[in-house]
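In what follows, a single structure is set out as structure tokens and then discussed.
None of the figures in this text is laboratory data; all of them are computed from the coordinates on show. If you're wondering where the values come from, they're calculated on a predicted model, not measured in any experiment. As a convention, Cβ positions derive from the backbone with ideal geometry for all residues, glycine included, and neighbour counts pool all protein chains shown.
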Amino acid sequence: MRDFHLPGRSPVLASNGMCATSHPLAAKTAVDVLQQGGNAMDAAIAGAVLLGLCEPAMTGIGGDCFVLWSDRDRQNVRALNGSGRAPAALDAHDLREAGETTVPSFSAHAVTIPTAVAAFAHLAETVGTLGLDRLLAPSIKYAQEGIPVAPRVAFDWENYGHNLQGSAREQYLIDGKLLKTGDIFRAPGQAEVLRRIAEQGASAFYTGEIAEDMVATLQAAGGVHTLDDFAAAACDETTPIFGTYKDIDIVEHPPNGQGATAILMLNILAQFDLASMAPFGTQRAHIEAEAAKLAYDARNRFLADADHTTRLAHMLDMSLAKKLAAMIDPGKAMPAAAPLTEMVHKDTVYISTVDRDGMAVSLIYSIFKDFGSGIASDKFGILLQNRGAGFTLEQGHPNELKGGKRPMHTIIPAMLRKNGKVIMPFGVMGGAYQPNGHARFVTNLTDFGMDPQATIDAPRAFSDMGNMQVERGYSDAVRQELTDLGHSVSIPQTAIGGAQAIMMHDNGVLEGASDPRKDGCALGY
């Protein structure tokens, strides 16, 4: 139990249905859908689409998503890949010939075909019960009437609004000025797009005037996108992967997401007695950082489009984890693994929902970098992702940029399962941090006995590309001791990631937890 003398957040308890996400309006919308008779998938879709308007720096209909969901028996977990592909005419060779060593993050070449809309339409039709038109109605209303800018959202506008370019500055600024807390953000162009999708389905987005708007904008910015690329957009049902840590299974989405990295990292950490360490002490932070370096190095070597990923089974094999764990020196930091040539960053939204019948949904949705590519379609103001920056230009690499391929993705939804039954949908936002975040979430629960809210509240550290980021929740003494071990320690400007979770107790009670690093909350009824 938390100390009620101190600031903090209690878990949210309910028994009929629940949503945990990063903005209160999206959480309320999801719960409203549940109360109207929708299931957990209906609620997740309605809340997720609204998040694109509540947190436009993080996500939107110009982005991608990945989804896990369990049937009401809580045993069968299914997965959907809603990530997009590079335009057919784009090739790493052409960018290398132009002198590029990475995919330019804020260029049209970084824009893969946004596929979240296709995923939402597919899930609404095949899993949901209310129909896409009803699920989009709240977002249409808010896009037209406007949403007050929340504090964390204003922080992102202030720090990353400079990424907006061209007509995006007209769509996402007010009279050329960054939006601040309490300002009203309106997106009438997106309201019209959502109306058409509600009436005609996903085809309204991928063909006709809306697709023409996106293609014309991208071609004017130097892109090679075509209407055929958009017409070919499609999501795919996939088979989840999982690993076991102590008595809990962690279920992840397969590549092109990086869920296998979280499983490998937990397999490495299983070789150490974390429970004997201070939860926010130097030793645990050091071992976790070293495990992350090794797991992420494997990610960089192997993960890519599912059709090109190599040695996935090798990554998930416990024998590999044991060999890697043996490389960790408890008294000294190893040099950072070779830096990625592909871009990884931190911007995503996550939503978890559970309904009264026991269906659970774990959905993550992103435009990648802050405000994506910074390119918005001229007519409708659809902010386009820059997931193509996740490709490498290295010739022969599994993740090499090629037309029609999906890039390695950072966003990963997850679920925990115990004794064969799903007990928690959860997700950790934060780009590259996400596998590390999943590992810390699981070890906070299992090794240190924290409840879901305490697990999320706990301070975080992350060793990323040679920089050991340590949140202010750690003591200065720990930061100094990590420096003495050889880590290059800094305090990050932005808190590391965000998280949401819903614990499903055997007595039917739902326990929701939401990260104070974001503006959101858990709500139930």
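Listed values, structure above:
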quantity: Selection from Gly37, Ala116, Val470, by position along the positive dipole direction of the chain (Cβ); calculated: Val470
quantity: Those trypsin sites (Lys or Arg not before Pro) in region 154-183 that DSSP places in a loop and that have at most 16 other beta carbons within 10 Å; calculated: Lys180
quantity: Coordinate range along principal axes, alpha carbons of region 123-199, Å, largest first; calculated: 40, 25, 21
quantity: Whether region 421-525 is rounded, prolate or oblate, judged on the alpha carbon gyration tensor where a/c under 1.5 counts as rounded; calculated: prolate
quantity: Cα convex hull volume per residue for region 210-271 (Å³); calculated: 118 Å³
quantity: Test item: Cα-centred dipole of region 1-140, Lys/Arg +1 and Asp/Glu -1 on Cβ, debye; calculated: 500 debye
quantity: Partners for Lys421 among aspartates and glutamates (Cα-Cα distance below 19 Å; same-chain residues under 8 apart left out); calculated: Asp71, Asp73, Asp247, Asp249, Glu252, Asp355, Asp357, Asp451, Asp506, Glu511
quantity: P(r), alpha carbons of region 145-188 - 5 Å bins starting at zero, rounded %; calculated: 5, 26, 33, 27, 9, 0
quantity: Cα-Cα over 28 Å, subset of Lys323/Lys402; Lys141/Lys518; Lys323/Lys518; calculated: Lys323/Lys402; Lys323/Lys518
quantity: Greater than 19 Å apart at Cα, pairs in Lys293/Lys332; Lys293/Lys405; Lys246/Lys418; calculated: Lys293/Lys405
quantity: Cα centroid of region 14-47 to Cα centroid of region 433-509, whole Å; calculated: 27 Å
quantity: Given charges at beta-carbon only (K, R positive; D, E negative), |dipole| of region 248-372 in Debye; calculated: 380 debye
quantity: Positive-end extreme of charge dipole, region 398-457 - chosen from Pro413, Leu401, Pro435 (charges on Cβ); calculated: Leu401
quantity: Rounded, prolate or oblate (a/c below 1.5 giving rounded, otherwise prolate when a/b exceeds b/c) for region 47-151 by Cα gyration tensor; calculated: oblate
quantity: Unit charges on C-beta of K, R, D, E only; dipole of the chain, Debye; calculated: 700 debye
quantity: Among His23, Ala234, Leu50 - extreme Cα towards positive end, dipole of the chain, charges at beta-carbon; calculated: His23
quantity: Kirkwood hydrodynamic radius (C-alpha pairs) into Stokes-Einstein, region 83-223, 4 °C and 1.567 mPa s, D in µm²/s; calculated: 75 µm²/s
quantity: Overall Cα dimensions of the chain - principal axes, largest extent first, Å; calculated: 60, 57, 43
quantity: Region 256-324-region 204-226 distance, computed between alpha-carbon centres (Å); calculated: 39 Å
quantity: Computed P(r) (all Cα pairs; region 4-64; 10 Å bins; percent); calculated: 23, 42, 26, 9, 0
